[in-house]
Amino acid sequence: MRHYYLFLILFFFFSSDIISGQEAGEIPYHYQSLKQRLLEDGFEDKFISNILSDPRAELNPFLMTISLKTKEREELYLQFLTEDSLLLCKKFLLDNLKILRKMEKIFHVEKEVVVAILFVESRFGENIGKYRAIQTLASLSLLNTRENIQQNYLTLREIDPEVSYEWIEAISRRKAQWAYNELKCLLRIVQNENIDPLEIYGSYAGALGMAQFIPSSYLKFALNNKDFKSWLLSKEDSIFSIGNYLRSHGWRKNLTQNEKRKLLWYYNHSEPYIETIIQLSQRMRK
């Protein structure tokens with residue numbers, strides 16, 4: 001219950017400018033510095049102002065918390081290794097066999113690996129995320145504000161008295177810089193697209209579409225036949241994009257299992273995730 005109240009304090013702290021009478025169309029105080037950074041990086045004032053002043057871009061306090069947990073639990077991935085899951089993967093493989101074989105021929109990435117990734121990442125597009133991507137990345141970009149670092153420190157010290165302010169500060173700065181870079185990439189993607197930028201949804205880390213690419217990966221590795229909006233839920237584009245991503249990171253024919261694990265690490269820094277992809281792809285081949 002104590003942590004719940006701390007969460008409410010954090011929420012009302014960042015919402016104080018609304019309570020104090022922020023007018024419609026006005027950029028919230030906490031986004032002023034973010035706007036200035038984006039302007040200095042070359043974005044147009046009107047484009048940024050329209051986004052950051054929109055209520056849908058408001059800070060998400062939940063995303064601004066720091067966790068003491070650093071590793072994913074294996075139990076989270078058991079759902080992807082059931083017989084029902086295997087049947088769904090085999091059906092997707094057969095339904096898209098022509099595209100998958102073409103991808104395999106071009107990129108030398110086993111079709112079963114790509115199918116496993118698409119299933120685990122988004123269940124073939126059924127679950128691409130429930131968070132507004134720009135709101136997510138804008139919120140994470142402010143992780144390193146002094147007020148937020150202090151609030152996380154007070155909260156985590158309740159859980160672990162040994163936690164240090166310096167440790168939380170370092171994590172906050174690293175994550176904030178990563179999020180800011182990804183926010184810039186997403187803004188570059190959408191600024192010339194016919195899409196409402198605040199209606200793009202993704203994961204709590206800003207991953208997008210069936211393939212769950214972060215914005216920088218989309219810019220570097222995504223392949224599409226039309227545009228970004230179509231790419232998000234295109235089976236063909238997602239299959240070829242994953243093939244291109246893995247090939248670009250060194251995937252080739254006749255890799256050992258350990259070599260595959262090292263390359264899958266680029267896609268998701270999680271050992272349980274990597275083992276699930278390996279196991280699921282092997283079971284499909286059998």
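The values are calculated or read from the model by the stated rules, or taken from the named source; none is laboratory data. Keep in mind it's a predicted model, so treat the numbers as computed, not measured. Cβ coordinates were reconstructed from backbone atoms using ideal geometry, including for glycine residues, and neighbour counts include every protein chain displayed. Just the protein is used for accessible areas: all its heavy atoms, side chains included, with ligands, DNA and RNA removed. Shrake-Rupley method; radii C 1.70, N 1.55, O 1.52, S 1.80 Å.
Points worth noting:
- FRET E, pair Arg56, Leu154, Förster distance 25 Å, beta-carbon r, rounded to 0.05: 0.30
- Probe 1.4 Å - accessible area at Trp265, Å² to nearest ten: 100 Å²
- The accessible area of Glu126, taken with all protein chains in place and a 1.4 Å probe, comes to roughly 150 Å².
- Heavy-atom accessible area order for Lys175, Lys98, Lys184, Lys286, largest first, 1.4 Å probe: Lys286, Lys98, Lys175, Lys184
- If R0 equals 51 Å, the separation of the Cβ atoms of Glu259 and Glu26 corresponds to a calculated FRET efficiency of about 0.45.
- Candidate residues Leu88, Leu97, Leu38: accessible-area rank, largest first, probe 1.4 Å: Leu88, Leu97, Leu38
- Heavy atoms of Phe47 accessible to a 1.4 Å probe, total area in Å² rounded to 10: 50 Å²
- Measuring against 18 Å, Cα to Cα, the residue pairs Lys98/Lys235; Lys175/Lys220; Lys91/Lys235; Lys111/Lys286 contain Lys175/Lys220 as the ones spanning a longer distance.
- Crossing angle, helix 146-159 versus the chain [Cα axis fit, 0-90 degrees, rounded to tens]: 70 degrees
- Per the Debye calculation on the chain with a single equal scatterer at every Cα and no solvent contribution, log₁₀ I(q)/I(0) for q = 0.07, 0.10, 0.12, 0.16 Å⁻¹ amounts to -0.30, -0.61, -0.85, -1.26.
- Each label was represented as a point 7 Å from its Cα along the Cα-to-Cβ direction; for Glu83 and Ala170 these points are 4.9 nm apart.
- Cα centroid separation, the range 128-206 to the range 207-286 (Å): 23 Å
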